[in-house]
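Notes for the one structure printed next.
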Amino acid sequence: MKKQIRLFLTIWLCLGLAAALGVVCRVQAQGRGPTFLVDPSWPKPLPENWVNGQVSGVCVDAQDNVFIVNRNDMTDKEAEVAHQAPPYVEFDPDGNVVNSFGDWKAVPNITHGCTIDYENNFWTAGNGDGIIQKYTHDGKLLMQIGQKGVVDTSDGTLKGTQFESRPVLHAIRHSGRSREWGRLRRWRLRQQSRSCFRSIRDIPTPVGHQGTKEEADAGVGGAFMQVVHCVVIGNDNLVYVCDRHGDRIQVSDKMGNFKNNI
């Protein structure tokens, strides 16, 4: 009888230790966070002897297909033996090219950034002019805002004076969920389902002004330095603005009321 009791207690002790070790291992795994490894086989070799320029944007659709934004800046040496890849290239999850689109004569200057909306459309922009383009998933141009090569300033160039009386389309670096419409201003958007934007309101609302170094150092809200590099609406419905040369992220509500700096 004593042997049976000892065996019973030993079994429960082992089970208890196993459970405890399992909890510890799970906690340690959670504390470490995810681990990422480079997959040298992804993507697969590009077709037709293509060569990418700088990749200035990456976005993923609901089927885990990956789109890259490619710049037309291959080197002279590369041009002797290869061809410039199209502006936008789509890969399947295994790294195979499944589509490409875009006309270098029509896409934004200095292509930069992309996003896929809830209808599977592809949005993109550039930081060499003031246009935004919307394509179907397979690459048909649906809409363009602004004029290629023209910035909405006093002389139509990136160095011109920005208008204070209206929003500007100026050096748009990112076309994300909240789509950045210019360095210092945004257009008010009407938010719809799934945190995407369907339509633009008729009346744009200016937000912020050209900041100074003193304002940036003091953390003054709404004072943006030379480049506003991204605008994103978080799950908390606050607007996060990347103020690159101000070395901070400015946080506000959707009406532009400043909340805090990060």
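The values are calculated or read from the model by the stated rules, or taken from the named source; none is laboratory data. Being a predicted model, the structure only gives us computed values, none of them experimental. Every residue, glycine among them, receives a Cβ derived from its backbone with ideal geometry; neighbour counts consider all protein chains shown.
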Per the list (1) modelled with pLDDT of 75 or more; (2) more than 20 Å from Gly113 (Cβ to Cβ); (3) touching a Ser or Thr at 6+ places or on another chain (Cβ under 9 Å); (4) of a type outside the set (Lys, Arg), residue check on Val232 breaks on (2)
Find the residue count for segment 87-103, including only residues that are surrounded by fewer than 20 Cβ atoms within 10 Å (Cβ to Cβ) and part of a loop (DSSP other than H, G, I, E, B). 6
Report, by residue number, each residue of segment 130-139 that is part of a loop (DSSP other than H, G, I, E, B) and free of Cβ contacts under 8 Å to residues at least 24 places away in the same chain. Thr136
Check whether at least one residue in segment 147-159 is out of contact with any helix residue (DSSP H, G or I) (no Cβ under 9 Å at 6 or more places or on another chain), surrounded by fewer than 20 Cβ atoms within 10 Å (Cβ to Cβ), part of a strand (DSSP E or B) and modelled with pLDDT under 90, and report yes or no. yes
Which members of segment 42-89 meet the condition of being under 21 Å from Gln133 (Cα atoms) and of a type in the set (Val, Ile, Thr)? Val55, Val58, Val60, Val66, Ile68, Val69, Val89
Residue check for Val241: aliphatic (A, V, I, L, M), within 22 Å of the chain's Cα centre (by Cα), assigned to a strand (DSSP E or B) and modelled with pLDDT under 85: no
Flag if Asn109 is among the polar types (S, T, N, Q), at pLDDT below 90, buried (at least 21 other Cβ atoms within 10 Å of the Cβ) and in contact with a strand residue (DSSP E or B) (Cβ under 6 Å, 6 or more places away or on another chain): no
